[in-house]
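What follows is a short report on a single structure.
The values are calculated or read from the model by the stated rules, or taken from the named source; none is laboratory data. Please read these numbers as outputs of a predicted model, since none were measured by experiment. Please note: Cβ atoms are built from the backbone with ideal geometry, for glycine as well, and neighbour counts cover all protein chains shown. To get the accessible areas, we keep the full protein, side chains included, count just its heavy atoms, and leave off ligands, DNA and RNA. Shrake-Rupley method; radii C 1.70, N 1.55, O 1.52, S 1.80 Å.
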Amino acid sequence: MVTHQTIGEHDEIFSAEDLATLRENLHEQLLFRREQLRQFAAVSRADARRVREDAAQVEVGVKLAASARMVLADVEEALSRMDSGTYGVCHLCRRPVERHRLLIVPQARYCGRCQQVREAGR
């Protein structure tokens, strides 16, 4: 288990307690997204039985389920990075992801600067 890890600007250090809190947050998100996807699947099965279906409602459900799957994958990857000791390292520049960013978005893969560059390129 990692007792501390360098993350963020000015070589901020996450304590074992910080990492435990982040891991717990990620695990809660994991459980929430899995349950959300289970509920979407149950609703989809029930909706398929209906003769008249509102197309807009179906589209919203499909988009919400896709979003939940993406977040679930991000959370699972963040937990994997924690286990491998690479959590908090930007996937692009390999610099530490800012501590405040990880406390807000614990599954973040990119530092703030690289995230802005990615978003600007869309």
Among the residues of the range 56-75, are any open to solvent by less than 70 Å² (accessible area, probe 1.4 Å) and more than 23 Å from R33 (Cβ to Cβ)? yes
Among the residues of the range 79-122 satisfying the criterion of being part of a helix (DSSP H, G or I), of a type in the set (A, V, I, L, M, F, W, C) and without any contact (Cβ under 8 Å) to a residue 60 or more places away in the chain, which is surrounded by the most Cβ atoms within 10 Å (Cβ to Cβ)? L79
